[in-house]
Amino acid sequence: MKSRDVRQTFLDFFKRKEHTIVRSAPVIPAEDPTLLFTNAGMNQFKDVFLDKGGRPYTRAADTQKCIRASGKHNDLEDVGRDTYHHTFFEMLGNWSFGDYYKKEAIAWAWELLTEVWVLPKERLYATVYHDDDESFGIWHQETDIDPSHIMKFGDKDNFWEMGETGPCGPCSEIHIDLTDDLSGKKLVNADDHRVIELWNLVFIQYNRKTDGSLDPLPKKHVDTGMGFERVTAVLQGKGSNYDTDIFAPLFDAVTGITGVSYKATLDEGQDIAMRVIADHARTLTFAITDGAVPSNEGRGYVLRRILRRAVRYARKLGCSRPMLYELVGVIAETMGDVFPELKKQRETVRKIIKSEEESFLVTLDRGIEIFGEITGVLKASKEQVIKGEDAFRLYDTYGFPLDLTRLMAAEEGLSVDESGFEACMREQKERARKDRKEKQQIAGEEGEWHWLGERKPTVFVGYEALETDAHITGVKIAGRQMQLALDQTPFYAESGGQVGDRGVIESDRHAFDIVDTQKDGDTIIHITGKVLDRETGSSVCPESIDLSGIPVRALVDRGTREATERNHTATHLLHAALRKVLGEHVQQKGSLVGPDRLRFDFSHFEKVSAREIGAIEAEVNERIREAENLVKHSDVPYEEALEKGALAFFGDKYANRVRIVEIPGVSMELCGGTHVNNVGKIGLFKIISESSIASGIRRVEAITGRAAEELLWNEYQELQQVRQLLKTGSEESIAGRVQDLLDERKSLDKQLQDMKLSLLLDKALKQLEKAEIVNGCRIFTMMPGESGTDALRSLGQYLREKIGCGVGLLAGEENGKVILVGFAGDEAISDCGMNAGELVKKAAARVEGGGGGKPGLATAGGRNPAGIDDALKVFEETVKEALRK
């Protein structure tokens, strides 16, 4: 049975049992920020089990894409070393949401295994929870399994729980005995590849309370999961999942790239490497297809670790170039019919993986060299443990994840001081935390708050109004700076990338210039600059003001707020345009939105080209010109926002209720910032820079509205001035005219250099005739003055051909650096043993430099022009000494 038939017969079987066949959820669970990756079929139905959601059906079945490479479920270390562990796998599953229960689940599982797939009944075992007499009885009464093959186990093996509290229940597992003599009963639940679990039937019937007690659920559910790769291996009569037709195309592709064939051995190093590469390529392809990107944090770092692990294993096969990306096409072709997103995202995934491979290969060789030095010292001193600081250096400088260092150490019979490594990580994070804290400290932090009554949360009214009446509830004074808290305020406090508002707070007698607005918990803090007497206009010392219970008027600076709003809404349009032009792998990684500009950091694997920047700008400006999109806001429960399709990313923290900012047909994001009410108010959008800020993270800076108009006007004016200077007409190409001038200048520069070199040659030949001759060998030194490296090398090559039996040294200076060019004629090399490379090397020491080259012509540099005379003298003395000998 082909693997595709295994999958299809499973789905067809449950379709006949009136199950709805649902699509696999993505391996990136955007709807569940508690998970790095989807690791089980039940993840997409978690809300149903928690009684927080429902489905229009009560029976479902699917094949779910799963990744287990982090946290509690982490199979990374076992991949390649046994026959059945994977970081990526498919889970076949069927579910009942308050519909059928144990009787049907057990009977149907037995029917599929023994009647449809015709597995030998004598090889099958069923396990049940030790006090689940109901399941035990059903196995006896509803199936013809050998009664002695029904076994009871405890909490560890046969009781499933979602977490410390919540839905849970007993499970019944089906195992198959693969031993030759059917002697595997004692190996059930013993983690032995000769008797493996095929299918787990979970019966969710209890709710675990905080005190550990169990309450029966009003609705009982069934949740089953079967490893697709495992059951395929059994049905194809293979001893390993990797020997099935699921992996054969990948092994063929690896062989085509490396020339190494897969021999299907368990312990042979190259076979282990091929299994790791095949598995990791699948994980990377599926994860990146579903929107993840390798990075230095969260799930992105898990993927980067997996990729670098695979790249290092590729070295075991003699491959030192990018090769994982070449497997993406194989995976898309063999699995794209079931998961069509693979074909749709194929080229994007190839580019991301290739870029990551190229990046790591730059440091891999040097890292392996450093690792060899570390292990060499350990072995010489007969030590067995790599120090934590050495493992950290490999991680921090050369990009070696800890598990890669651990793997390489194990191959050398060594271990790693992981606690020492973690200590180094903590020290680095603590240093970074302190740096951030120092940078983020606001002036006046040393003061103390004085609360005018009970401290209460500040009510923010700035979505609806830019000014309001209020009362001061708290004051902090440090020097001449004052910070104020109000009972309500229209001032937006810095958060979500948007800067804090500026403006003024007025009382009857004073005006407080607000230069920034920050947040401390649920209190909005207004940071003052000058405090003025409203009658005299003079500055007032904050400590002299009595603010107890006085009413104030809080007024936000309308101009800066509206400019900031234009930039913030433009950021949402930019995000949507980036995802449209570059791909849906783009995710926001940071932003800064102020009145003068916006900055947007996002995940992407390569420099954004000029063509792509043009397309992104055009997309944003098209939406602005349409001016049809009214920006909508709504305050809804977090789960409802996700159901609506609002973008949410792993690692971001959201409250139970969230604010959605929607630009209909373009963008829907969770955002607490302030925005224009119509995108047409943005006016104009212009990207002013694009750069890299970290591996896999790009940064775009842009301006909008009047700032963009001013930029374009200034550039137009400057262009017109250039056109006048170049005397070009409106139809002529300025770029073409400038290129002509540059070509002309280049030609003139070459003519000038040729003339200088000609004069230099004449001067050098005259000096050469007067050079001292010792034992038949001419010794020549010269300081031609301000001459570059190329000119000196050309002069040295020419003189070498003219000098016959002789040696020479030319010394020049360029941009404060010393240039030495030594040469030796063929006769001087053959008859006198002269070597220009060695002679220049000795001379360079006098100018604090180094270098060398071939016996006939050599170049060196130095950083001390004052030593040139000494260098020439040492050259002459060294040559004379050699000739005397």
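What the table below lists for this structure:
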read-out: Rg over Rh, two decimals, segment 97-229 (C-alpha only, Kirkwood Rh); value: 0.98
read-out: Alpha carbon centroid spacing (whole Å) that separates segment 866-881 from segment 122-153; value: 95 Å
read-out: Protection proxy ranking, peptides 177-185, 695-703, average beta carbon neighbours within 10 Å, highest first; value: 695-703, 177-185
read-out: Rounded to 10°, Cα long-axis angle of helix 298-316 versus longest principal axis of the chain; value: 70 degrees
read-out: Carbon/sulfur fraction of accessible area - segment 524-629, other protein chains in place, 1.4 Å, %; value: 45 percent
read-out: Radius 12 Å from Cβ of Ile660, net charge of other residues (Lys, Arg +1; Asp, Glu -1); value: -1
read-out: Where only C-alpha atoms are counted, convex hull volume of segment 171-264 per residue in Å³; value: 167 Å³
read-out: Partner lysines for Lys220 [C-alpha distance under 24 Å; skip if fewer than 8 residues away on the same chain]; value: Lys15, Lys17, Lys46, Lys52, Lys102, Lys103, Lys152, Lys156, Lys209
read-out: In degrees, nearest ten, helix 346-380 long axis to first principal axis of the chain (Cα); value: 70 degrees
read-out: Pairwise Cα inverse-distance average, inverted: Kirkwood Rh of segment 127-178 (Å); value: 11.8 Å
read-out: Size descriptor, Kirkwood hydrodynamic radius, that averages inverse alpha-carbon separations across segment 147-214, Å; value: 13.4 Å
read-out: Using a Förster distance of 22 Å, the FRET efficiency for Gln797-Asp365 (Cβ separation, nearest 0.05); value: 0.05
read-out: Listed pairs Lys519/Lys681; Lys343/Lys589; Lys746/Lys841 exceeding 30 Å between Cα atoms; value: Lys746/Lys841
read-out: nm² value of the averaged projected area, convex hull over the Cα atoms of the chain; value: 54.5 nm²
read-out: Cβ-defined net charge surrounding Pro637, 11 Å radius [Lys, Arg +1; Asp, Glu -1]; value: -1
read-out: Kirkwood Rh in Å, taken over segment 786-885 so that all alpha-carbon pairs contribute; value: 13.0 Å
read-out: Cα-only radius of gyration and Dmax that characterise segment 1-123, units Å; value: 15.8, 44
read-out: FRET efficiency, 1/(1 + (r/R0)^6) with R0 35 Å, evaluated for Glu584 and Val459 via beta carbons; value: 0.35
read-out: Estimated vicinal HN-Hα couplings, Hz - segment 532-549 in sequence order (Karplus 6.51, -1.76, 1.60; Gly, Pro = x); value: 10, 6, 5, 7, 9, x, 8, 5, 10, 6, x, 5, 8, 9, 9, 9, 4, x
read-out: Computed FRET value (nearest 0.05) for Asp12 with Thr560, which takes r as the C-beta separation and R₀ as 56 Å; value: 0.30
read-out: Set of segment 797-826 residues, backbone N closer than 19 Å to the point 7 Å along the Cα-Cβ line of Ile773; value: 799-809, 824-826
read-out: For segment 572-616 versus segment 802-824, the gap between their alpha-carbon centres in whole angstrom; value: 52 Å
read-out: Helix axis angle, 705-726 relative to the chain longest principal axis, alpha carbon, degrees; value: 30 degrees
read-out: Span per principal axis, largest first, for the Cα atoms of segment 466-581 (Å); value: 58, 30, 26
read-out: In nm, spacing of pseudo-spin labels at Leu752 and Glu448 (7 Å Cα→C-beta vector); value: 7.2 nm
read-out: Neighbourhood net charge (13 Å Cβ-Cβ; Lys/Arg +1, Asp/Glu -1) for Asp51; value: +2
read-out: Ranked packing of 846-852, 735-741, most packed first, by mean Cβ within 10 Å; value: 846-852, 735-741
read-out: For the chain: accessible area per residue (Å², 1.4 Å); value: 47 Å²
read-out: Mean-position separation - Cα centroids, segment 245-294 and segment 5-34, in angstrom; value: 25 Å
read-out: Candidate lysines - alpha carbon under 25 Å from Lys763, same-chain residues fewer than 8 apart omitted; value: Lys750, Lys802, Lys817, Lys873, Lys880
read-out: Estimated inter-spin distance, Asp180 and Lys263, nm [label 7 Å along Cα→Cβ]; value: 2.1 nm
read-out: Expected 222 nm ellipticity per residue - DSSP helices of 4 or more, -39500 (n - 2.57), all of the chain, to 500; value: -12500 deg cm²/dmol
read-out: Per residue Cα convex hull volume in Å³ - calculated over segment 319-473; value: 283 Å³
read-out: For peptides 673-686, 136-149, sequence by mean Cβ density within 10 Å, most packed first; value: 673-686, 136-149
read-out: Candidate aspartates and glutamates - alpha carbon under 20 Å from Lys351, same-chain residues fewer than 8 apart omitted; value: Asp279, Asp290, Glu326, Glu333, Glu341, Glu584, Asp601, Glu606, Glu612, Glu690
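The values are calculated or read from the model by the stated rules, or taken from the named source; none is laboratory data. All figures in this text were calculated on a predicted structure; none of them were measured in a lab. Using ideal geometry, Cβ is built from the backbone for each residue, glycine included, and neighbour counts are taken over all protein chains shown. These accessible areas exclude ligands, DNA and RNA; they are computed on the full protein's heavy atoms, side chains included. Shrake-Rupley method; radii C 1.70, N 1.55, O 1.52, S 1.80 Å.
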